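These notes are about the structure you will find just below.
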Amino acid sequence: MSYEWLTLWGYVPEFIKAGWLTLQVTVLAFVLALVLGLMAAVASIAPLAILRWSARGYVEIIRNTPVLLQIFIVFFGLPSAGISLNAYWAGVIALGLNVGAYLSEVFRAGIQSVPRGQLEAAGILGLERTQVFTEIVLPQAARAVYPAIVNYLIQLLLGTSLLSAIALPELTGTATVINSRTLLYVQTFAVALIAYLMLSNALSWLAGRLGARIFHPPLIIRPRTRLTGLSLRRPHRA
């Protein structure tokens, strides 16, 4: 048994490189998801019908199709339209599109949770719509939805494992390659499992510290329960 673990020790640099790649994809895809989610949330409550229907169509298409199929469409389908992406950027875009659709519902619920009386009072004070959104609506909505956003960040990290299907050498893809070389099934995937645990808990801790600094009084990020987004169950709409 010790010999098997010693054999796997030589692949630690590859696991570290794969973990770094996983973090890169997670951060970039999450930034894209935040932008798309906020845009779709604002469009879904806009007075123009075309914006509302466009946002609703985006959300419904993403939420009712498998994320792995979405990855395949971005990676294999876009080249037929003249858009060629490598596995790295295809994964970032596909995961960003997927999580962005779920975040749009979270943002929409947060925006609509702001009491209407505050909006009316802001209008009486003569504040412009941009000021109302950035100074009144957005801070309160962000506080309300921050724990859910953290959950989606962790879910996105775990969802990067699906990118092994397009040969991206992230943690799962690297573990699969190493397993084919060594045939150490338990040891190889145990290392990958531990790596995911370390990364997810590190992100949770960092998000908790960030929330404590941004919001006053500080938020308490409760332990994750059932996550949505890259899972099979759909969340209830707000």
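The values are calculated or read from the model by the stated rules, or taken from the named source; none is laboratory data. The structure presented is a predicted model; accordingly, all values stated were derived computationally and were not measured. Glycine gets a Cβ as well: all are built from the backbone with ideal geometry, and neighbour counts include every protein chain shown. Quick note on the areas: whole protein, heavy atoms, side chains included, nothing else; ligands and nucleic acids left out. Shrake-Rupley method; radii C 1.70, N 1.55, O 1.52, S 1.80 Å.
Some observations on this one:
- Solvent-accessible surface (1.4 Å probe) assigned to residue 164 amounts to roughly 50 Å².
- Only one item in (i) 43; (ii) 52; (iii) 47 matches percent of Cα pairs over 26 Å apart derived from the coordinates shown, and that item is (iii).
- Considering only alpha-carbon pairs that sit under 8 angstrom and 6 or more positions apart, the relative contact order computed for the chain is 26 percent.
- Here the simple spin-label model places points 7 Å from the Cα toward Cβ, and for residue 83 and residue 121 these points are separated by 4.4 nm.
- The range 36-96, accessible surface, carbon-and-sulfur percent (1.4 angstrom probe): 78 percent
- Each residue of the range 78-83 is assigned a 3J(HN,Hα), and the resulting list reads 4, x, 5, 9, x, 10 Hz, derived from the Karplus form 6.51 cos²θ - 1.76 cosθ + 1.60 (θ = phi - 60°), x at Gly and Pro.
- J(HN,Hα) series, the range 19-25, from Karplus relation 6.51 cos²θ - 1.76 cosθ + 1.60, nearest Hz, glycine and proline x: x, 5, 5, 4, 5, 4, 4
- Using θ = phi - 60° and Karplus 6.51 cos²θ - 1.76 cosθ + 1.60, couplings along the range 200-212 (whole Hz; Gly, Pro as x): 5, 6, 5, 5, 4, 5, 4, 5, x, 5, 5, x, 5
- Summed over the residues of the chain and divided among them, the accessible surface reaches 57 Å² per residue at a probe radius of 1.4 Å.
- Protein-only accessible surface at a 1.4 angstrom probe places the residues 89, 205 in the order 205, 89, largest first.
- For the chain, adding -39500 (n - 2.57) for each run of n ≥ 4 DSSP H residues and dividing by the number of residues yields -23000 deg cm²/dmol at 222 nm.
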